[in-house]
Each structure stands twice: as C-alpha cells, then as structure tokens.
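S.K.: Below you will find the structure I want to go over with you.
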Amino acid sequence: MEKLLKALYVKLYKKHAPTIHNLYRLAELCKIELPEGYADWLDTITSFNINARYDDYKREFYNLCTQQYTESWINRIRELREWIKTML
C-alpha cells in the first residue's frame, strides 16, 4: 500500500514522495477523495506495521489475527490496491 501511494505521489507531483509511513497521510498528500470506510482501513493497515515491529504489540496482534480477521483484511487490502492502481 505504501509503495503504491508513494508511486501515485511521484506520478502526481514529479518529485520524491515524503519519507512517512502513514497511509492515510500519504493519501491526503495525493489529494485522493477516499470512498467511505477507506480512511479507516488505511489507518488500521498503518497500525499493522507498528504492531508487527514491537514485541509487546506483536503478541497482542498475533492473538487478534484469527483466520476470519486475516481473510477480511486481505480482501480489503486487495480492494484498496486495485483502487489505487486505477490511478497510476
């Protein structure tokens, strides 16, 4: 997601994307009009990266990631990816 949003930023502004990892902020900088719910999805996906980096969060995140939860987020991420790719 981050790479796609940064690629869109580069396409739009013809300069390097900012060195941030917040997906919602990157979408804001690209001035994308987000469909309902996508902003929340981007915030949650950003939190996945934080949760995966720190041991205490990892444990909590691991317990959250049931098969159903994981499949649900994989589908959302696929949907977001395809949507962003249409802008590239």
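Laboratory data are not the source of any read-out in this text; all were calculated from the coordinates shown. Everything numeric here is computed off the predicted structure, so don't read it as measured data. Reconstructed Cβ throughout: ideal geometry from the backbone, glycine too, with neighbour counts over all protein chains shown.
S.K.: Just one of the numbered conditions (1) free of Cβ contacts under 8 Å to residues at least 60 places away in the same chain; (2) of a type outside the set (Phe, Trp, Tyr); (3) out of contact with any Phe, Trp or Tyr (no Cβ under 6 Å at 6 or more places or on another chain) is not true of Ile77; which one?
M.R.: With respect to (1) free of Cβ contacts under 8 Å to residues at least 60 places away in the same chain; (2) of a type outside the set (Phe, Trp, Tyr); (3) out of contact with any Phe, Trp or Tyr (no Cβ under 6 Å at 6 or more places or on another chain), Ile77 is out only on (1).
S.K.: For segment 7-33, name all the residues that are of a type in the set (S, T, N, Q) and part of a helix (DSSP H, G or I).
M.R.: none
S.K.: Taking only pairs six or more apart or across chains, which ones have beta-carbon atoms under 6 Å, a first residue in segment 16-29 that is more than 11 Å from Thr46 (Cβ to Cβ), and a second residue that is charged (D, E, K, R)?
M.R.: Final answer for the pair search is Ala17/Lys6.
S.K.: Here are some conditions: (1) assigned to a helix (DSSP H, G or I); (2) in contact with a Leu (Cβ under 7 Å, 6 or more places away or on another chain). Asn49 meets all but one. Which one does it not meet?
M.R.: Tallying (1) assigned to a helix (DSSP H, G or I); (2) in contact with a Leu (Cβ under 7 Å, 6 or more places away or on another chain), Asn49 fails exactly one: (2).
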